[in-house]
Amino acid sequence: MSLLIGSHVSISKGLLGAAKTAFSYNANTFMIYTGAPQNTRRKPIEDMKIEEGKLYMKEHDIKDIVVHAPYLINLASYKEEIYNLAQSFLTTEIKRTEAIGSNYLVIHPGSYTTKDINYGINRIAEGLNNVLAKTTQPFICLETMAGKGSEVGKSFEELQMIIEKVELNEKIGVCFDTCHTHDSGYDIINNFDNTIKEFDDIIGLNRLKVFHINGSLNDIGSRKDRHANIGADISNKRGKDYIGLNALYNIVHHPVCDNKPLILETPWIDKTTNLYKEEIAMLRGIK
Ligand code: FE
Ligand code: FE
Ligand code: ZN
């Protein structure tokens, strides 16, 4: 069993800076946004210190890194401007992901706002059909969503309905987020085995490429999507993690997580402090 674990890291100092930050957390993988998650302004690929970053990763045994597309990409939008931007940005994001040498581009499927779930599913699949080409290298990993607002992807069935409508769906993978699946109602605390069996029955385990490992500030089925620090309790003022260290430890050591990138997106304590190093150590089982 080989544990590939890391966190989201900043790419403000290029891929090299990102890899160094990950190494300082004792991570052996990591996830980046190619720029600010809230906007679509991006540095040219040449300025991203990619070759230096790749060399550093090789020397420090860091691999299978993940790229996350920005939140504002909404392939379910009925507004042409937003829908077109989502497709054009996704197209360039695929190029950046390829340049970085990552095999996984995670996207939130989208939100249908005033339309309905079937509209959302069809719109997302159509957008993916427009963007995907036979030459596309990375897997586009649809993330399991908490189901807040009109988010598409709150169940394995919804994700599978999108996948079935995508022609080149050999390029589609899934990113399983522990906070989101818990918030959308899957009992990953007491019955992770069963959740994984359901995933296999509905989508197929071959699609499962990436995990986001997060606690949740809310109870199962809350549909809130508020990440908690791993195993946090009320006493440290960071709010209670309703999933808890025990459950998350068992999840990351489950055979389904073997050799897959496991990425923390847990909250920062303040602008300069995070707990990634400590959380990675806890999940590895180093006391
Ligand atoms: Fe996400
Ligand atoms: Fe996530
Ligand atoms: Zn989330």
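The values are calculated or read from the model by the stated rules, or taken from the named source; none is laboratory data. Worth saying up front: this structure is predicted, and the values here are computed from it rather than measured. Heads up, the Cβs are rebuilt from the backbone with ideal geometry, glycines too, and the neighbour counts pull from every protein chain shown. Only protein heavy atoms, including side chains, enter the accessible area calculation; ligands, DNA and RNA are left aside. Shrake-Rupley method; radii C 1.70, N 1.55, O 1.52, S 1.80 Å.
Couple of notes before you dig in:
- Consider region 261-287 and keep the residues that are surrounded by 19 or more Cβ atoms within 10 Å (Cβ to Cβ) and within 16 Å of ligand 1 (Cβ to nearest atom). The one that is farthest from residue 176 (Cα to Cα) is 266.
- Candidates 185, 215, 204, 149: the one that is within 14 Å of residue 109 (Cβ to Cβ) and either without any contact (Cβ under 8 Å) to a residue 40 or more places away in the chain or not charged (D, E, K, R) (or both) is 149.
- The residue of region 191-216 that is farthest from residue 142 (Cα to Cα), among those that are within 16 Å of ligand 3 (Cβ to nearest atom) and β-branched (Val, Ile, Thr), is 213.
- Inside region 219-256, residues that are within 16 Å of ligand 1 (Cβ to nearest atom) and of a type in the set (D, E, K, R) make up a count of 4.
- The set of residues in region 168-203 that are of a type in the set (Gly, Ala, Ser) and open to solvent by 10 Å² or more (accessible area, probe 1.4 Å) comprises 184, 185.
Table: residues versus (1) within 22 Å of residue 196 (Cβ to Cβ); (2) at pLDDT below 95; (3) touching a Phe, Trp or Tyr at 6+ places or on another chain (Cβ under 8 Å); (4) away from ligand 3 (no atom under 16 Å from the Cβ).
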site: 245; (1), (2), (3), (4): yes, no, no, yes
site: 248; (1), (2), (3), (4): yes, no, no, no
site: 255; (1), (2), (3), (4): yes, no, no, yes
site: 260; (1), (2), (3), (4): yes, no, yes, yes
site: 264; (1), (2), (3), (4): yes, no, yes, no
site: 267; (1), (2), (3), (4): no, no, no, no
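- Any hit, region 62-80, residues being open to solvent by less than 30 Å² (accessible area, probe 1.4 Å) and either in a helix (DSSP H, G or I) or at positive phi (or both): no
- Of all residues in region 104-144, exactly one satisfies the criterion of being open to solvent by 70 Å² or more (accessible area, probe 1.4 Å) and within 19 Å of the chain's Cα centre (by Cα), namely 137.
- Taken over region 26-44, the criterion of being at pLDDT 95 or above and open to solvent by 30 Å² or more (accessible area, probe 1.4 Å) is satisfied by 26, 28.
- Test: residue in region 65-72 that is within 17 Å of residue 174 (Cα to Cα) and modelled with pLDDT under 95: yes
- Residue check, residue 100 more than 16 Å from ligand 3 (Cβ to nearest atom) and buried (at least 24 other Cβ atoms within 10 Å of the Cβ): no
- Residues of region 163-190 that turn out to be part of a loop (DSSP other than H, G, I, E, B), within 16 Å of ligand 3 (Cβ to nearest atom) and closer than 17 Å to residue 139 by Cβ, as a count: 0
- Filtered residue count, region 222-260, keeping only those that are in contact with a strand residue (DSSP E or B) (Cβ under 9 Å, 6 or more places away or on another chain), open to solvent by 40 Å² or more (accessible area, probe 1.4 Å) and part of a helix (DSSP H, G or I): 1
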